[in-house]
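This report concerns only the one structure given below.
Just so you know, all these numbers are worked out from the coordinates, no wet-lab data involved. Worth saying up front: this structure is predicted, and the values here are computed from it rather than measured. Here the Cβ positions follow ideal geometry from the backbone for every residue, glycine too, while neighbour counts run over all protein chains shown.
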Amino acid sequence: MNKENTIIPDPLLLVLCGPTAVGKTELSLQIAEHFSCEIIGVDSMQIYKHMDIGTAKPTAAERARIPHYLIDIVDPDEDYTLGTFIRDAEAAIQSICSHKNIPLLAGGSGLYFKGLLNGVFDEPVGPGKESAADKKKKEKIKQDLRERLEEEGREKLHNELAEFDPESAQRIHPNDVQRILRGHEIYYATGTPWSKHLANQPKNSLRYRALKIGLTRPRNELYARIDQRVQQMAEQDLLSEVKNLLAMGYDKKLKSMQSIGYRHMINFIEGNWSWEQTLAWLARDTRHYAKRQYTWFNNDPGIIWHDVGEKDKIFDDINDFLIKNIP
């Protein structure tokens, strides 16, 4: 078992997860202020610099209220993996604990949560332990997939992923090239779908003592908030943010630029969609993303679910957890 799978009994962690637009940001600030926390972002898009409006990052004023970690840490063209996130999150946890505060992990990226809290599976041809032959095989798989991506396109690869790993295909967006390729790499290198590797991880072997709280709200309210957020992004000029990124030289095919919001603006810029279509499909795709997030988090039996308005109950759960675990 590698370092990333080692059980770490301390320190205590608080986790606040849930779908996009459910209301995590404001509640995380309130929890942090009440329980002396610092916040670690668990969001695969808020890590990128220059991408503020489309990722709904905490504002400068919100970050001034409470220290935040893992926001604005890489450029949009940098490769940021699950392993990198785990290392960065572990460093942030140690830093927060050195301040005698409690780490509060808040966000909606389920795979990041799972990797940090449960560890990552050991691949038979994983980095650092493969033989020369295995390493050559791994590079050949990657090269073949890159060539296929160029020749056949991401849609074909996503459809193929759905054939041998339907669970992964369901949670991976057809535009998420990096994870589509990752699903293929794992399958062709190990003979086992990515979803099976994840399912075979011990479900109760938490690397930290953590209280996991999931936030929800009535579906019609969530969708109304998503519509409102889309209008707000338009008013904040997400279009100019995307134009600026393109002017800075960031390719439209980058994983970061193909994320929700950014690919929509690119389609408008290129004349593929009208402005009305762009906003409508941005709202639609955000709703679909929220559904996928719910599906992911609902598979974790360790999450305690609360309506976002149940602040008193959430605070009681946190208080009970801390009392039981702090000598």
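Brief remarks on what is shown
- All Cα-Cα distances of the chain, cut into 10 Å bins from zero to the largest, leave 5, 24, 34, 25, 10, 1, 0 percent in each bin in turn.
- Global dimensions of the range 1-117 from alpha-carbon coordinates: Rg and Dmax equal 13.7, 42 Å.
- Cα centroid separation, the range 300-327 to the range 7-85: 19 Å.
- Candidates R146, R171, R217, ranked by Gaussian network fluctuation over the chain, Cα under 10 Å, top entry: R146
- Percent of Cα-Cα distances greater than 16 Å, calculated over the range 184-286: 70 percent
- Shown in residue order for the range 297-309 are the 3J(HN,Hα) couplings computed by the Karplus curve 6.51 cos²θ - 1.76 cosθ + 1.60 at θ = phi - 60°: 5, 5, 7, 9, x, x, 7, 9, 8, 9, 5, 4, x Hz (x for Gly and Pro).
- Table column - 3J(HN,Hα) (Hz), the range 227-241, Karplus curve with 6.51, -1.76, 1.60, x for Gly and Pro: 4, 5, 5, 4, 5, 5, 4, 5, 5, 7, 6, 4, 4, 5, 4
- Of the trypsin sites (Lys or Arg not before Pro) found in the range 252-327, those that fall in a DSSP loop while having at most 16 other beta-carbon atoms within 10 Å are K252, K253.
- Estimated FRET transfer efficiency when R0 is 25 angstrom, pair M248-W275 (beta carbons, to 0.05): 0.60
- Applied to the range 162-168, the Karplus parametrisation 6.51 cos²θ - 1.76 cosθ + 1.60 on θ = phi - 60° returns per-residue 3J(HN,Hα) values of 4, 6, 9, 8, x, 5, 5 Hz, with x for Gly and Pro.
- Amide H within-cut-off set for Y69, under 5 Å, with H built and near neighbours excluded: I39, I40, G41
- Charge context of I66, other residues only, Cβ under 12 angstrom, K/R +1, D/E -1: -2
- For W305, the residues 5 or more places off, or on other chains, whose built amide H falls under 5 Å of its own are G214.
- The range 132-199: relative contact order in percent, alpha carbon pairs under 8 Å with at least 6 residues between: 32 percent
- Entry for the range 132-199 at q = 0.13, 0.18 Å⁻¹: log10 I(q)/I(0) = -0.33, -0.62, Debye formula applied to identical alpha-carbon scatterers, no solvent contribution.
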